[in-house]
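As structure tokens, the structure follows; a few thoughts come after it.
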Amino acid sequence: MKLLVIGSGGREHALAWRLAKTPGLQRIFVAPGNAGTARERELENVDITDPRALADFAEQERVLLTVVGPEAPLADGIVNLFRARGLRIFGPTKEAAQLESSKDFAKRFMARHNIPTARFATFSERASAHAHIDRHGAPIVIKADGLAAGKGVVVAMSLKEAHAAIDNMLPDKCVAGPDGATVARVVIEEYLEGEEASFIVMVDGKNVLPLASSQDHKRIGDGDTGPNTGGMGAYSPAPVVTPEVHARTMREIILPTVRGMAADGIPYTGFLYAGLMISKDGAVRTVEFNCRLGDPETQPIMMRLKSDLLTLLEHAVAGRLNEVEASWDRRVALGVVLAAANYPGKPRTGDSITGLPKGSDDSHVFHAGTTEKDGLVLTSGGRVLCVTTLGDNIKQAQKRAYDAIVGIHFDGMQYRHDIGHRALSR
């Protein structure tokens with residue numbers, strides 16, 4: 001049996017690492033992969049990114065199943081392409097992936113199907129967006145409409161910050177695309193109070209299998225300060241997702257979303273990520289949808305997964321998720337992201353990474369922005385590594401992760417020192 005994982009980040013490294021534990025697998029290809037996947041004995045990097053070339057490769061190698069990691073190939077329709085050629089692939093179609101690729105689509109979908117979320121308005125012209133902000137005041141949230149790698153959101157705590165975000169995201173004049181639609185849009189939302197958590201499920205078009213709860217840290221600095229990033233660390237489970245919150249999320253958000261997509265004629269298959277805002281009284285509202293596993297949430301989730309991941313994926317592709325359950329390690333998993341110099345701005349690349357420890361079942365360094373050259377591991381992106389460990393509790397998992405970081409070095413390396421602080425404070 002051969003599998004193909006598409007992507008080059010920490011999420012894909014963690015997926016491939018977990019899949020490699022499936023008995024009887026001949027080979028797991030990762031396209032294009034990174035230095036971490038290149039160094040895993042069971043994995044093989046494939047330097048292909050073009051969707052048609054990937055489909056050709058899957059045919060030639062008789063790949064049993066393909067799993068798509070990042071959002072861009074999904075938004076570009078890679079699932080449509082593979083399915084049209086009779087290839088088994090897990091992920092949403094281009095039409096269904098609009099839940100992530102267009103914030104406006106997602107908000108209108110939620111409004112239409114009565115899924116709890118923040119009030120919103122969409123703008124493609126600066127003057128009207130500025131006027132809306134002046135009417136509603138701050139704090140307020142501004143989101144770029146398209147894909148932005150987790151960084152197209154500004155939580156503006158002042159009017160000055162909000163207006164600057166509009167100027168940054170929208171051009172001076174509306175520019176029409178080939179289909180007549182404006183190229184740039186922003187969604188402006190009311191500011192929600194509460195605690196955020198990640199709620200990720202597998203969907204087969206009808207049935208839903210929840211994965212372990214998780215919580216990430218978006219801000220660059222300790223104490224949740226500084227600009228948003230793609231995620232500076234995460235842990236699982238998330239104590240804020242109580243059994244009551246879990247049940248409410250399934251009842252009010254996840255199941256209505258799956259049913260709504262089917263009712264709209266675009267059935268959803270794949271991983272579905274709902275970013276939650278949980279209020280003090282336990283009410284939940286949807287901050288955003290992602291059409292794939294979160295990163296860095298995937299790393300702790302895969303560390304805790306005890307079930308065979310391939311079995312879950314095969315049931316999902318066959319439309320039989322109702323026949324399986326996922327089992328989880330009772331321990332806590334926590335991952336700390338090591339980022340490159342200048343991140344989340346334009347990261348510096350090409351720095352040599354040393355001191356990488358050998359991985360194990362309960363401690364692993366998942367690579368994201370890395371490449372291999374002349375036997376050296378070099379930085380090649382903003383988020384470089386995610387050091388992920390298991391512990392009997394959040395404090396122990398946190399200590400083990402930070403102990404593992406001590407020997408790792410690359411020039412400009414930056415990371416947060418308080419991943420897991422919300423769980424510790426509960």
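The values are calculated or read from the model by the stated rules, or taken from the named source; none is laboratory data. Treat the numbers as computed from the prediction; the structure is a model and nothing was measured. As a convention, Cβ positions derive from the backbone with ideal geometry for all residues, glycine included, and neighbour counts pool all protein chains shown. Protein only, heavy atoms only, side chains kept; ligands, DNA and RNA dropped before computing areas. Shrake-Rupley method; radii C 1.70, N 1.55, O 1.52, S 1.80 Å.
Look through 54, 99, 15 and report the one residue that is free of Cβ contacts under 8 Å to residues at least 60 places away in the same chain and assigned to a helix (DSSP H, G or I).
54
Restricting to the range 241-262, name every residue that is touching a helix residue (DSSP H, G or I) at 6+ places or on another chain (Cβ under 8 Å) and open to solvent by 10 Å² or more (accessible area, probe 1.4 Å).
Listed by number, the list holds a single entry, 241.
Return yes when residue 320 is at pLDDT 95 or above, among the basic types (Lys, Arg), closer than 26 Å to residue 27 by Cβ and surrounded by fewer than 23 Cβ atoms within 10 Å (Cβ to Cβ) and no when it is not.
In short, yes.
Just need a number here: residues in the range 18-49 that are outside any loop (DSSP other than H, G, I, E, B), in contact with a Leu (Cβ under 7 Å, 6 or more places away or on another chain) and among the polar types (S, T, N, Q).
1
Give the range 190-212 a look and list any residue that's open to solvent by 20 Å² or more (accessible area, probe 1.4 Å), assigned to a loop (DSSP other than H, G, I, E, B) and under 23 Å from residue 394 (Cβ atoms), or say none.
194
Restricting the range 329-388 to residues that are closer than 23 Å to residue 238 by Cα and basic (Lys, Arg), which is most open to solvent (accessible area, probe 1.4 Å)?
Among residues in the range 329-388 that are closer than 23 Å to residue 238 by Cα and basic (Lys, Arg), the one most open to solvent (accessible area, probe 1.4 Å) is 330.
Answer yes if at least one residue in the range 215-231 is open to solvent by 10 Å² or more (accessible area, probe 1.4 Å) and over 23 Å from residue 419 (Cβ atoms), and no otherwise.
Checking the range 215-231: not a single residue is open to solvent by 10 Å² or more (accessible area, probe 1.4 Å) and over 23 Å from residue 419 (Cβ atoms).
Go through the range 58-77 and report how many residues are part of a loop (DSSP other than H, G, I, E, B) and touching a residue at least 60 places away in the same chain (Cβ under 8 Å).
Matching residues across the range 58-77 total 5.
Of the residues 109, 82, 57, only one is modelled with pLDDT of 95 or more, buried (at least 23 other Cβ atoms within 10 Å of the Cβ) and of a type in the set (Phe, Trp, Tyr); which?
Of 109, 82, 57, the one residue that is modelled with pLDDT of 95 or more, buried (at least 23 other Cβ atoms within 10 Å of the Cβ) and of a type in the set (Phe, Trp, Tyr) is 82.
For every residue, the table says whether it meets (1) farther than 22 Å from residue 184 by Cβ; (2) surrounded by fewer than 19 Cβ atoms within 10 Å (Cβ to Cβ); (3) at pLDDT below 95; (4) touching a Phe, Trp or Tyr at 6+ places or on another chain (Cβ under 6 Å).
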{"position": "49", "(1), (2), (3), (4)": "yes, yes, no, no"}
{"position": "53", "(1), (2), (3), (4)": "yes, yes, no, no"}
{"position": "63", "(1), (2), (3), (4)": "yes, no, no, no"}
{"position": "86", "(1), (2), (3), (4)": "yes, yes, no, no"}
{"position": "98", "(1), (2), (3), (4)": "no, no, no, yes"}
{"position": "104", "(1), (2), (3), (4)": "no, no, yes, no"}
{"position": "113", "(1), (2), (3), (4)": "yes, yes, no, no"}
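Report yes if residue 18 is of a type in the set (Lys, Arg), at pLDDT 95 or above and over 26 Å from residue 357 (Cβ atoms), otherwise no.
Answer is no for this residue.
Take the conditions out of contact with any Gly (no Cβ under 6 Å at 6 or more places or on another chain) and part of a loop (DSSP other than H, G, I, E, B) and apply them to residue 295. Does it pass?
Judged against the criteria, residue 295 is not a match.
Six or more apart or on different chains, Cβ under 6 Å: which pairs go from a residue in the range 116-144 that's assigned to a loop (DSSP other than H, G, I, E, B) to one that's open to solvent by less than 20 Å² (accessible area, probe 1.4 Å) and among the small types (Gly, Ala, Ser)? Could you list them?
From residues that are assigned to a loop (DSSP other than H, G, I, E, B), the pairs are 138/156; 138/162.
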